[in-house]
1. With (1) out of contact with any helix residue (DSSP H, G or I) (no Cβ under 8 Å at 6 or more places or on another chain); (2) modelled with pLDDT under 95; (3) small (Gly, Ala, Ser) as the list, and Ala61 as the residue in question, which single condition is left unmet?
2. Could you list, in sequence order, the residues of the range 184-206 that are free of Cβ contacts under 8 Å to residues at least 40 places away in the same chain and more than 29 Å from Ala61 (Cβ to Cβ)?
3. Val59 versus (1) in contact with a His (Cβ under 6 Å, 6 or more places away or on another chain); (2) farther than 22 Å from Asn91 by Cβ; (3) β-branched (Val, Ile, Thr): which is the lone unmet condition?
4. Asn197 is checked against (1) in contact with a helix residue (DSSP H, G or I) (Cβ under 9 Å, 6 or more places away or on another chain); (2) of a type outside the set (Gly, Ala, Ser); (3) under 17 Å from Ser123 (Cα atoms) and fails just one. What number does that condition carry?
5. Pick out the one residue from Leu3, Leu12 that is loosely packed, with under 13 Cβ neighbours inside 10 Å, at pLDDT below 90, in contact with a strand residue (DSSP E or B) (Cβ under 7 Å, 6 or more places away or on another chain) and over 19 Å from Asn135 (Cβ atoms).
6. Right, Ser119: under 22 Å from Gly203 (Cβ atoms), crowded, with 22+ Cβ neighbours inside 10 Å and of a type outside the set (A, V, I, L, M, F, W, C) or not?
7. Can you tell me which residue in the range 145-164 is surrounded by the fewest Cβ atoms within 10 Å (Cβ to Cβ), limited to those that are more than 19 Å from the chain's Cα centre (by Cα) and modelled with pLDDT of 95 or more?
8. Select from the range 77-99 the residues that are out of contact with any Ser or Thr (no Cβ under 9 Å at 6 or more places or on another chain) and either at pLDDT 95 or above or under 14 Å from Ser188 (Cα atoms) (or both) and write down the one among them that is surrounded by the fewest Cβ atoms within 10 Å (Cβ to Cβ).
Amino acid sequence: MTLNGFDSLDALAKDYCNPFSRNRDGINIGEGAAMFLMTTEESSVSLLGVGESSDAYHVSAPHPEGKGAALAMTRALEAANLKSNDIDYINLHGTATELNDVMEGLAVSEVFGNRTPCSSTKSMTGHMLGAAGANEAAFLWLTLHPEFSTGIVPPHRWDGEADPAIPPLNLVPTGFRIASRDRVAALSNSFAFGGNNAAVVLGRGW
């Protein structure tokens, strides 16, 4: 039913999904699960901030200018008491659908410009639907945790053909490392049907 539902929305890719490419044609469905234990005790990786918004633009289509997405990211930064240049990496929602990638590109460009390293991991995992946000937060956790981190962030796997409708973003290649320093912060975007938007900031050393 899930596959047929997305197929009826013309949202399924014919091959591997291709986030932010001019040739993108939809999502791949993936499966996954993640669990976090939240505690007030000190930890190597901390939840610094969460931002949410609901623009209620359309039941399945995002706001074309990404206003709700930009608001969620801005609220997450405010909750974390950070500025945009404090973020070292962004895990993009990056579904590889025509409308979502355009609106997210506009939103990220508005809040961060084109400096911040970013990638969509959905080209490697598929869209895990209800588990996507938790898994992508887990990618941040693994990127930040000193036991697992080497400074390398998840790569952006695509054909390299940029869409002129999307502002240029700093989409990172395989092997890209963020700066080595005591304080590091990363943000993950998750957007959903009905105009629901969420952004989460995790950090090390804050």
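1. Going through (1) out of contact with any helix residue (DSSP H, G or I) (no Cβ under 8 Å at 6 or more places or on another chain); (2) modelled with pLDDT under 95; (3) small (Gly, Ala, Ser) one by one, Ala61 breaks only (1).
2. Restricting attention to the range 184-206, the residues satisfying the condition of being free of Cβ contacts under 8 Å to residues at least 40 places away in the same chain are 192, 205.
Gly205 - this is the single residue of the range 184-206 that is free of Cβ contacts under 8 Å to residues at least 40 places away in the same chain and more than 29 Å from Ala61 (Cβ to Cβ).
3. (1)
4. (3)
5. Going through Leu3, Leu12 in turn, the sole match is Leu3.
6. Values: under 22 Å from Gly203 (Cβ atoms): yes; crowded, with 22+ Cβ neighbours inside 10 Å: yes; of a type outside the set (A, V, I, L, M, F, W, C): yes.
Yes.
7. Pro164
8. Lys83
The values are calculated or read from the model by the stated rules, or taken from the named source; none is laboratory data. Not measured: the values here are computed from a predicted model. As a convention, Cβ positions derive from the backbone with ideal geometry for all residues, glycine included, and neighbour counts pool all protein chains shown.
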